[in-house]
Amino acid sequence: MAVHRRGAERPESRPPSRYLGPLLVTIDDLRALRDLLTEMGEAPVIEFSGGTIDTPDDLRELSDSELLHITVKTAGVEITLSKQGARAVGQGNLVYAVHESWARTRQSSLGKSRRWWAKYWGLLIAGISVVAGFTGTTLEWLPSDAQAAPWVFAVMFGVSGGMIAYGYSQMPMPTVVVPTTLDEFRKNRTLANRHWQTIAIAAIAACIALAGVLVAVLVKK
């Protein structure tokens, strides 16, 4: 009789993986990815959460929830486009080609602008909390034994706001898949920007008018 021990099992090596960044992917962009993979001898299959689509133009038929997770698969590489970002996993040369020839030119500023605001949101909340705490201590109707209460609440709101802002800034920036062509997306965004500009101008005008009324009332007094 004898004891035969197996050698230590080697951990399976993981295929190369690369984060592609927050991307804006339109029908044209998905078509460009498909064409790139086809030129490299791959046969891409485009999947969504409920099945597959034959062409990038079929994105128009998907619901908003189905657009949240799109995967482009071949025998050598898999590209995932989701709200957690975009990532390519597979053969090293294919992952590199997808990043350099496709993803780098499609970086989205949507997630970056969100992260920039989150970075300074904590400071803004802290500043407002300090002003609120100082203002609260000047209230004449506040009992003397409760003078510290505004500062307590100010610190609580400031710290909690800063923690929320920090956590928000650490969230992965999403990849957005839109069921339109790039030209259609640009036109829609231009119209949306004009709409918000109109609302902002109207709000500013209303504030100026209200300030004018208040000044007129004070002058009459």
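A few points about this structure:
- THR55 vs. criteria crowded, with 16+ Cβ neighbours inside 10 Å, at pLDDT 90 or above and of a type in the set (S, T, N, Q): no
- Checklist (1) over 25 Å from the mean Cα position of the chain (by Cα); (2) modelled with pLDDT of 60 or more applied to LEU124, failing item: (1)
- The residue pairs whose first member lies in region 47-63 and is in contact (Cβ under 8 Å) with a residue 24 or more places away in the chain and of a type outside the set (Ser, Thr, Tyr), whose second member is in a helix (DSSP H, G or I) and surrounded by 18 or more Cβ atoms within 10 Å (Cβ to Cβ), and whose beta carbons are closer than 8 Å, counting only pairs six or more residues apart or on different chains, are PRO56/ILE27; PRO56/LEU30; PRO56/ARG34; ASP57/ILE27; LEU59/ILE27; LEU59/LEU30; LEU59/LEU67; ARG60/ILE27.
- Candidates ARG87, ARG5: the one that is of a type in the set (Lys, Arg), modelled with pLDDT under 90, more than 21 Å from THR181 (Cα to Cα) and not in a helix (DSSP H, G or I) is ARG5.
The values are calculated or read from the model by the stated rules, or taken from the named source; none is laboratory data. Note that the structure is a prediction, hence the values are computed from the model and not measured. Here the Cβ is made from the backbone with ideal geometry for all residues, glycine too, and neighbour counts use every protein chain on show.
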